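Everything below concerns the one structure shown next.
The values are calculated or read from the model by the stated rules, or taken from the named source; none is laboratory data. A quick note: this is a predicted structure, and the numbers were derived from the prediction, not measured. We place every Cβ from the backbone using ideal geometry, glycine too, and count neighbours over all the protein chains shown.
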């Protein structure tokens, strides 16, 4: 049975070790495709989000059937991951919509990493509600 090509989307700076461990464990079951893991990989250097999404579809998603998003503590802050998900779900004449699977990495559960995105800083993890609001105030 031929192996499926799977696009792996993740935050390279924070989640590299956990993604490599995942690929070591399960990578022989599929052909992993990723953006910019090594210096030999092609980087998409542009600020035009439509261009970036088109290049992601053309270079990485054309022959893949599923995208696995590896969710770490800072995944929420990455524009590229947003673009990779949008490109995965887009259905057009050149690239059919692919499946989407999200896997929460162990480090996401501890919520200890400080994530910065532009001028925003947020502690990772789920937000907490400090006060319940009702219709009566």
- Residues in segment 48-63: is at least one surrounded by 13 or more Cβ atoms within 10 Å (Cβ to Cβ) and either touching a strand residue (DSSP E or B) at 6+ places or on another chain (Cβ under 7 Å) or modelled with pLDDT of 90 or more (or both)? yes
Of the residues in segment 97-109, those that are crowded, with 16+ Cβ neighbours inside 10 Å and in a helix (DSSP H, G or I) come to 107, 108
Out of (1) over 22 Å from residue 4 (Cα atoms); (2) surrounded by fewer than 22 Cβ atoms within 10 Å (Cβ to Cβ); (3) more than 9 Å from the chain's Cα centre (by Cα), the one residue 78 does not meet is (3)
Condition set under 21 Å from residue 15 (Cα atoms) and surrounded by fewer than 21 Cβ atoms within 10 Å (Cβ to Cβ), scope segment 84-96, selection farthest from the chain's Cα centre (by Cα): answer is 86
When residue 94 is run through (1) out of contact with any helix residue (DSSP H, G or I) (no Cβ under 8 Å at 6 or more places or on another chain); (2) at pLDDT 60 or above; (3) assigned to a loop (DSSP other than H, G, I, E, B), the failure sits at (1)
Flagged pairs (Cβ under 6 angstrom, 6 or more apart or on separate chains; first in segment 1-20, touching a residue at least 12 places away in the same chain (Cβ under 8 Å); second surrounded by fewer than 13 Cβ atoms within 10 Å (Cβ to Cβ) and part of a loop (DSSP other than H, G, I, E, B)) are 5/63
Q. In this structure, does residue 22 turn out to be in contact with a strand residue (DSSP E or B) (Cβ under 9 Å, 6 or more places away or on another chain), modelled with pLDDT of 90 or more and assigned to a helix (DSSP H, G or I)?
A. yes
With the first residue restricted to segment 75-95 and required to be on the phi < 0 side of the Ramachandran plot and free of Cβ contacts under 8 Å to residues at least 24 places away in the same chain, and the second required to be surrounded by 14 or more Cβ atoms within 10 Å (Cβ to Cβ) and not in a helix (DSSP H, G or I), Cβ contacts under 7 Å at 6 or more apart or on different chains are 89/100
